[in-house]
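The values are calculated or read from the model by the stated rules, or taken from the named source; none is laboratory data. Source: prediction; values computed, not measured. With ideal geometry, Cβ positions are generated from the backbone for all residues, glycine too; neighbour counts draw on all protein chains shown.
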Amino acid sequence: MTDSSVPSSRPRAERYRALVVGALRWVAVGAVLGTGVSLALLTIWSPKGATDTAFALGALVLGFGVTAWSSAVGLGRTIEGMQERLNVSSGWTEASAREAFFVLSWTGAGWVVAAALTSIALGV
Amino acid sequence: MSTDTSQSSDVERGFLERVRASPFLEELLSNRIAVFGLVLIGGMFAIAIFARLAYDIDTIVDTMFGTNPTKAAPSAEFWFGTDGQARDVFPRVLYGAWYALKFGTATVLASTVLGIAAGILAAYYGDLTDNVIMRTMDVLLSFPSLLLALALVTIFPEELGLWRAVAALTLVYTPRFARVVRGAALKVLEDEYIDATRALGATDPRLLIRHVLPNCLAPITVQSTLNYGLAIIDIAALSFLGFGASPGDPSWGMMLAEGVERGLFSGAWWWSFFPGLFLALTVLGFNLLGDGMRDALDPRMRD
Amino acid sequence: SKRFIAKRLLLLVPVLFGVATVVFAILHLSPGDPALTIAGERASQAYVEQVRSNLGLDDPLWEQYVRFLRDTAALDFGQSYQVQRGTAVSSILVDRLPITIELAILGQIAGLLFGLPLGILSAVKKDTFTDHFTRIGALAGISVPIYWSGPLLILLFAQIFGILPTSGRISSSYFVDSTTGLILVDTLLEGNLAAFESAARHLLMPVVVLGVYSMAFISRMMRSSMLEVIRMDYMRTARAKGQGAKITVMKHGLRNAFIPVITIIGIQFGSLLGGSVLTETVFEINGIGTLLVSAIERSDYPVVQATVLVFAFMYTLVNLFVDITYSILDPRIEQ
């Protein structure tokens, strides 16, 4: 994977490069989604209604991703330790959570920016 | 008719034998606490169906000024007393069972369906899709259900009434089912016979649903039972806080809200006491049964 | 260690940014219209539009979002639209927050005080009458909704026996200056014992209701955690060695059993906040729980946003404390 799940033993520069490439990729995906949703909603709502709703949906993804990512970073070891202790595994690992929310955060970021740009382009 | 009866008793014997052969049910039925829960739930279902058939919803919602006394204490005529709108509380409380089970069933069914979809998608695509879906579910799971429901309920328009609560709670409970289904689906995918079936030309989604569902029936049932109780209590809580039933609805949460706000402090305790009692008994029934089922399914939890 | 705590405090920034963004998004996805609520149902269309533009709600959403982030970063939560119209949200929170904190802390203490011993007892006496009784009790505690057990207690102790007050935080005959906002502390600071007694009597029922819920949860967790520890090998060997060794090991086992429970208590603090929303409604206590509900009902965006942020902030802080305790108790985890 090209993002935060990269093992830390690799050289720093390479790790950062992988993170940036990953981020850019998901921002692009988010931008496509943001523009797509805005245009799709345009068929049923006014330009302002459509871009506002698209923006809010993107903000939901962005906010959720960022909150969950930072909670995973903060609570990661505690939860892993607790699972080990209780002898249960839900499949939750800090690395997998970081990866998932890295994706969501950057997708949301791209989405939000694309929706804002669409609304400017439409002259809302 | 007589031939029918003999046939059905034959079927019944077969069924009973199968029941006896199943270690899960044997375990469950030997658990007196779980059986007690089952009896409570059975009673509530009977009451719900009786109320639905015996009472007319319009007369139950209508105010009864002029015919009944207002806030009358329980008596031979009004077993559970009357409320501030002079309505007889007794039929309203019974009808509340119908409301609770109807909306509870809708919530559990909807979140089961969504959970199956999410779980199968996660297991089938694996990798990043799996990771994003399941980690998202984990986060939703770690939220206190009432606060999450409170946040989600605002997204749906007020006109939906109790369905608004159902919609919000469906999203709240979906992750629990998704987790169970994903586990079962992964097990099925690992099995070799899937490859064999695939070679015969079965399409993927149909294949998965046909093979996964039978495998996770037991854990889904346990989840449903536990979430049934939660759904009923959370729907009532949302109604109590003003995000669900509309005033006058014979839902236990609404009756409690009205009874506590306008009855309790003026001494009309019966207005909120009986709906709450029925609500608590129903939820207790589901929790007792669910707990017993979990023990029967996973003996490790017990000893 | 200091670095660990600093890192965790730093993480508060993205957590709060994320939560603020989610709340903003949900409020603007919801069909409620603050302008209409403020103007009133019968207001003219022109007036509603006027209100909307005064609040800046007719700007493109991304502009509103940028403005919201900038203000929030400067700790400016704006003014209440509706709940206490025109009052600064921060001053409403300063008034209301301590009330909920006091209730939640007391409820949590009550839950721990009864839940932990019950859970241990239930595990040690597994499958006996005591165990069954405790487990059914705990299940009943979870099954009985706060908005029913609360009214029941009011009925019993306030109306039938008449020994406890029905609602509020203190009798209206006392006037207490709000120094800390925690009424038990404030009355003591003033040295007014009669007022303290009145406040304690008012808080008793809400705390019990909230505590029972938390107790039921904690005792169940403690039981399963304790059973897990008892099952471990060293416990078995110790038991074989006789009574003296059993007690030493019990102490050791207890410590081990506490660790997961403590973590879960932190995570469960959220449910406690949820429970306090209901408790405050039943006992007519004006904390941030009731504030949140009425703000949601009336589309009071600034109040909802600020209240949820405060909830998230408290939740994260509690979990930070839990984590620190955890790392002290469990030396294997190196932070």
Original post:
Which ones in segment C:181-215 are crowded, with 24+ Cβ neighbours inside 10 Å and small (Gly, Ala, Ser)?
Top reply: C:Ala199, C:Gly211, C:Ser214
Subject >> Unmet requirement for B:Met64, which otherwise passes all of (1) of a type in the set (A, V, I, L, M); (2) surrounded by fewer than 20 Cβ atoms within 10 Å (Cβ to Cβ); (3) modelled with pLDDT of 85 or more >> reply: (3)
Subject >> Residues of segment C:65-88 classified as in a helix (DSSP H, G or I) and in contact with an Asp or Glu (Cβ under 9 Å, 6 or more places away or on another chain), total >> reply: 2
Original post:
Quick one: would you say C:Val13 is modelled with pLDDT of 90 or more and loosely packed, with under 14 Cβ neighbours inside 10 Å?
Top reply: yes
Original post:
With (1) assigned to a helix (DSSP H, G or I); (2) away from every other protein chain (no Cβ under 12 Å) as the list, and C:Arg42 as the residue in question, which single condition is left unmet?
Top reply: (1)
**OP:** Could you grab me the full set of residues in segment C:61-86 that are within 14 Å of chain A (Cβ to nearest Cβ) and surrounded by fewer than 18 Cβ atoms within 10 Å (Cβ to Cβ)?
**Re:** C:Glu63, C:Val66, C:Arg67, C:Leu69
Subject >> Lone qualifier among C:Val48, C:Val89 - being among the aliphatic types (A, V, I, L, M), under 30 Å from B:Ala167 (Cβ atoms), away from every other protein chain (no Cβ under 14 Å) and more than 24 Å from the chain's Cα centre (by Cα) >> reply: C:Val48
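Here's the yes/no breakdown for (1) under 22 Å from B:Trp271 (Cα atoms); (2) in contact with a strand residue (DSSP E or B) (Cβ under 7 Å, 6 or more places away or on another chain); (3) aliphatic (A, V, I, L, M); (4) at pLDDT 80 or above:
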residue: B:Ser8; (1), (2), (3), (4): no, no, no, no
residue: B:Leu16; (1), (2), (3), (4): no, no, yes, no
residue: B:Ile41; (1), (2), (3), (4): no, no, yes, yes
residue: B:Met44; (1), (2), (3), (4): yes, no, yes, yes
residue: B:Leu114; (1), (2), (3), (4): no, no, yes, yes
residue: B:Gly119; (1), (2), (3), (4): no, no, no, yes
**OP:** Return a yes/no flag: does segment C:186-202 have any residue that is within 21 Å of the chain's Cα centre (by Cα) and within 14 Å of chain B (Cβ to nearest Cβ).
**Re:** no
**OP:** Could you tell me whether segment A:29-40 includes any residue that is part of a helix (DSSP H, G or I), within 13 Å of chain C (Cβ to nearest Cβ) and either among the small types (Gly, Ala, Ser) or free of Cβ contacts under 8 Å to residues at least 24 places away in the same chain (or both)?
**Re:** yes
**OP:** Give me the pairs, please: first residue somewhere in segment C:258-286 and more than 7 Å from chain B (Cβ to nearest Cβ) and farther than 23 Å from C:Tyr326 by Cβ, second residue anywhere and buried (at least 22 other Cβ atoms within 10 Å of the Cβ) and of a type in the set (Lys, Arg), beta-carbon distance under 8 Å, and either six or more positions apart or on two chains.
**Re:** C:Asn286/C:Arg96
**OP:** Look through segment C:222-240, keep the residues that are modelled with pLDDT of 80 or more and at the interface with another protein chain (Cβ under 10 Å from one of its Cβ atoms), and return whichever of them is farthest from C:Phe133 (Cα to Cα).
**Re:** C:Ser225
Original post:
Only one of B:Val172, B:Val132 is facing another protein chain (nearest Cβ under 9 Å), in a helix (DSSP H, G or I) and modelled with pLDDT of 90 or more; which?
Top reply: B:Val132
**OP:** Check off (1) within 14 Å of chain A (Cβ to nearest Cβ); (2) under 21 Å from the mean Cα position of the chain (by Cα) for B:Phe156 and give me the number that stays unchecked.
**Re:** (1)
Original post:
Yes or no: C:Asp58 farther than 20 Å from B:Thr154 by Cβ, free of Cβ contacts under 8 Å to residues at least 24 places away in the same chain and within 13 Å of another protein chain (Cβ to nearest Cβ)?
Top reply: yes
Original post:
Checking C:Ser294 against (1) modelled with pLDDT of 90 or more; (2) within 11 Å of chain B (Cβ to nearest Cβ); (3) crowded, with 22+ Cβ neighbours inside 10 Å, which test does it fail?
Top reply: (3)
